[in-house]
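The values are calculated or read from the model by the stated rules, or taken from the named source; none is laboratory data. Bear in mind the structure is a predicted one, so any value in this text is a computation, not a measurement. With ideal geometry, Cβ positions are generated from the backbone for all residues, glycine too; neighbour counts draw on all protein chains shown.
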Amino acid sequence: MWNFLLAFIPRAIVQGVPLLYGSTGEIITQKSGNLNLGIPGVMYVGAISGVIGSFLYENSTANLNPMLAILIPMLCCLLGSLLMGLLYCFLTVTLRANQNVTGLAMTTFGVGFGNFFGGSLIKLVDSDVPSIALSATSSYFSKSLPFASKLGWFGKLFLSYGFLAYLAVAIALAASYFLNHTRKGLHLRAVGENPNTADAVGINVSRYKYVATCVGCMIAGLGGLYYVMDYACGVWSNDAFGDRGWLAIALVIFTIWRPNLSILASFLFGGLYIIYLYIPTGMDHMEYQELYKMIPYVVTLVVLVVTSVRSKRENQPPESLGVPYFREER
Amino acid sequence: MNKKEPFFHIVKRDALPWYQSVGVRAIAIVLALVLCGILTTITTGIDPIEVYKSIFAGAFGTERKTWITLQNLSILLLIALALTPAFKMKFWNIGGEGQVLIGGLAAGACMICLGDKLPNPVLIPVMVLASIAAGAFWGFIPAFFKAKWNTNETLSTLMMNYIATQLVAFYTIVWEVPKGSGKIGIINQNSNAGWLPQIFGSKYLLSIVVAVVVTLLMYIYLNYSKHGYEISVVGESENTAKYVGIKVEKVIVRTMILSGAICGLAGLLLVGGINHTITTTLAGGQGFTGVLVSWMAKFNPLTMVFSSFLIIFMDRGAGEISTAFGLNHSYADILTGIILFFIIGCEFFISYKLQFRKKAEKEVQ
């Protein structure tokens, strides 16, 4: 049992990190009253932007500088997801478009953008490599502490991950602190709960919405970057990221808008995501694996229903979530 | 006034005359197409006129291509129509994907399990009933939770998508032919049992006819029936609906059953009439695209014909370009995304207008 957990938990955590980035980003976004269904697209764009950056860098020099090899993809990723965030804000905040529709369009666009450049990047830059495999860059991203392997089970459970995994936890904790213990966080929550009141006390509603959504998108984009660079060892394959973006959005409700809870919940979901690999099915009944893959979605649905049945006041979404704010319409 | 007045401010318009609002949208679409053309020229290096020519050739180049374009159009239209009544009452059903899949699965199940037991005239009605019932059931579940406990429908329908996908994946392995291949292949290839009939000797016409009929029925249902009226009232304000004695819960459940049922019908057409097989990508993202099509048409079934045409046209055209230049087919999604952004953005100029500072001062004087 102990050996099983020792093998299972690190893999669950690795699966959970992209979800954690996505859900932290989406929580910050939703706290400002923006329901961004474009997060799956943003995560794709973040991932592919990082891939493009490091692909160009790896092909331009023979000797990679470790600092640049990490910084270039990260900056590209942040820039790509920031642009997506700005697009969403421009449409929903400035132009007051419907948030659901804008989000879905962003997901269509983002997933298409990722798959297009993932599938055509080599042709577009006339490179002669057979596939996008950024193993050199990836090795910097997935480097764990050198003494981790010497510390036995403790090292394996807590120290065997690349730096982005720890960054995810740090960001989630910071977001939690920011939302609950700072004045800016209070203002942000006010904007999400009731923008009229927030406006009346002199909070710049549009600015808060812009900043929160863009920062949220940048955090979510890092989740995509982590997936490609660390989890997938720098190999891009189309649609491999799959539905994790949607699961991240579901996690926001699962954790009732709390980034610190999201840390545990993401790892739990990461575990549910791969649990089918550990339930014995026998060789001639592989089909049951497909049913076990259903578990995370069924659990989310059940949690969704249970929280709505209990309907506690403190567990409710931000009051004005999904509603555009127009001062003249008060 | 010591504080500087802003350069412009935003004023809500009265309703624009229809030709102006159509004009604004047309300008947005043209701008989007120009941007798409420029983008294509940059990525592929062909000159812009050729880009539009090959987009057109991709959609209507040959007779067969035209038919496939129309067939794809009819399926997307059907899904968008299915989602429309739900949207009209502000129920964000983004579970079209799952409802189509489950309808297709039910049709496929009938074809596989009953294919050699029942003759076609009995089998096909059974398939129709099964897939409609399956789709309706898939729509009913989130609606029930929404009506009873106000569960967030966006996420519950989304989760239902993945549950349906995994169910299909499960049965794909149960029914795989040959064993170990991981796919079902063409069902009943020799007996053609359960294949929907060809009408007027064309294998493309059936789904087109169904889509036309459903469009007209949906238009009548939404605009000229009591149910349609109740849907609009619930969509505008649940409190008003309650006040005038409409049972909101009942309307939600009833509308979602209808929504799911039509999605199930689309699944039936895909499995029984077009693909003759089931895969987990049966719906191919059209459950999501349908949301956008429906919204672009402002929930009007007749306008939806044009909006779904626009999407399918670009999709087929971009497919042609990407095949010709060895690019990834997702190119279509990028172009679709750009057009959508423009259309979403242009709505602002239909409902609001900008008043610049000078003009505003004049009005004050």
Check the stretch A:271-294 and report whether any residue there is charged (D, E, K, R), buried (at least 18 other Cβ atoms within 10 Å of the Cβ), part of a loop (DSSP other than H, G, I, E, B) and within 9 Å of chain B (Cβ to nearest Cβ).
-> yes
Report yes if B:A80 is modelled with pLDDT of 85 or more, surrounded by fewer than 22 Cβ atoms within 10 Å (Cβ to Cβ) and within 30 Å of B:I262 (Cβ to Cβ), otherwise no.
-> no
If A:M74 satisfies every condition in (1) surrounded by fewer than 23 Cβ atoms within 10 Å (Cβ to Cβ); (2) more than 16 Å from the chain's Cα centre (by Cα); (3) assigned to a helix (DSSP H, G or I); (4) in contact (Cβ under 8 Å) with a residue 12 or more places away in the chain but one, which is the exception?
-> (2)
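B:K203: surrounded by fewer than 19 Cβ atoms within 10 Å (Cβ to Cβ) and either within 14 Å of chain A (Cβ to nearest Cβ) or under 24 Å from A:V298 (Cα atoms) (or both), yes or no?
no
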Given the conditions (1) at pLDDT 90 or above; (2) not in a helix (DSSP H, G or I), every one holds for A:V211 apart from (2)
Applying the selection to the stretch A:295-310, what residues are in contact with a helix residue (DSSP H, G or I) (Cβ under 7 Å, 6 or more places away or on another chain) and surrounded by fewer than 17 Cβ atoms within 10 Å (Cβ to Cβ)?
-> A:V298, A:V299, A:V309
Quick one: what pairs do we get from the stretch A:260-272, first residue closer than 7 Å to A:G16 by Cβ, second of a type in the set (G, A, S) and at pLDDT 90 or above, C-beta under 7 Å, 6+ apart or different chains?
-> A:S266/A:G16; A:S266/A:S23; A:F267/A:G16; A:F269/A:G16; A:G270/A:G16
Residue that is nearest to the chain's Cα centre (by Cα), among those in the stretch A:88-97 that are more than 7 Å from every other protein chain (Cβ to nearest Cβ) and more than 16 Å from A:Q30 (Cβ to Cβ) = A:F90
Scanning for something at positive phi and in contact (Cβ under 8 Å) with a residue 24 or more places away in the chain, does the stretch B:90-98 turn up at least one residue?
-> yes
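Here is a yes/no grid of residues against (1) crowded, with 24+ Cβ neighbours inside 10 Å; (2) of a type in the set (G, A, S):
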position: A:V215; (1), (2): no, no
position: A:L222; (1), (2): yes, no
position: A:Y227; (1), (2): yes, no
position: A:V235; (1), (2): no, no
position: A:G242; (1), (2): no, yes
position: A:A248; (1), (2): yes, yes
position: A:R258; (1), (2): no, no
position: A:L261; (1), (2): no, no
position: A:S266; (1), (2): yes, yes
Which one of B:I79, B:I112, B:I132 is of a type outside the set (G, A, S) and within 12 Å of the chain's Cα centre (by Cα)?
-> B:I79
Right, B:A169: within 14 Å of chain A (Cβ to nearest Cβ) and either over 18 Å from B:I79 (Cα atoms) or of a type in the set (A, V, I, L, M, F, W, C) (or both) or not?
-> yes
So which residues in the stretch A:311-324 are buried (at least 18 other Cβ atoms within 10 Å of the Cβ) and of a type in the set (G, A, S)?
-> A:S320, A:G322
Candidate set from the stretch B:303-322 (those that are among the β-branched types (V, I, T) and touching a residue at least 24 places away in the same chain (Cβ under 8 Å)); member that is nearest to the other protein chains (Cβ to nearest Cβ) = B:I311
Go through the stretch A:295-330 residue by residue and tally those that are part of a helix (DSSP H, G or I) and under 25 Å from B:K146 (Cβ atoms).
-> 19
Note on the stretch A:129-157: residues out of contact with any Gly (no Cβ under 7 Å at 6 or more places or on another chain) and at pLDDT 75 or above are A:A136, A:S139, A:Y140
Unique residue being within 11 Å of chain B (Cβ to nearest Cβ) and either surrounded by fewer than 23 Cβ atoms within 10 Å (Cβ to Cβ) or out of contact with any Cys (no Cβ under 6 Å at 6 or more places or on another chain) (or both) when the list is A:L124, A:L151, A:L186, A:L173 | A:L124
List, please: which pairs have Cβ atoms under 8 Å, are six or more places apart or on different chains, and start with a residue in the stretch A:293-313 that is at pLDDT 85 or above and end with one that is part of a loop (DSSP other than H, G, I, E, B)?
-> A:V305/B:T151
Is one or more of the residues making up the stretch B:147-165 in a helix (DSSP H, G or I), modelled with pLDDT under 90, crowded, with 16+ Cβ neighbours inside 10 Å and more than 14 Å from every other protein chain (Cβ to nearest Cβ)?
-> no
Does the stretch A:38-48 include one or more residues that are over 16 Å from A:L225 (Cβ atoms) and of a type outside the set (A, V, I, L, M)?
-> yes
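I'd like to check which helices (runs of 4 or more DSSP H) are fully inside the stretch B:167-280 and have at least 2 residues that are farther than 24 Å from B:M127 by Cα and touching a residue at least 60 places away in the same chain (Cβ under 8 Å).
Result: B:205-224, B:226-236, B:248-268.
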Residue among B:A106, B:A86, B:A136 that alone is farther than 30 Å from A:Y276 by Cα, small (G, A, S) and touching a Leu at 6+ places or on another chain (Cβ under 9 Å) | B:A86
Give the residue, chosen from A:G224, A:G192, that is in contact (Cβ under 8 Å) with a residue 12 or more places away in the chain, under 17 Å from the mean Cα position of the chain (by Cα), more than 14 Å from chain B (Cβ to nearest Cβ) and within 30 Å of A:Y297 (Cβ to Cβ).
-> A:G224
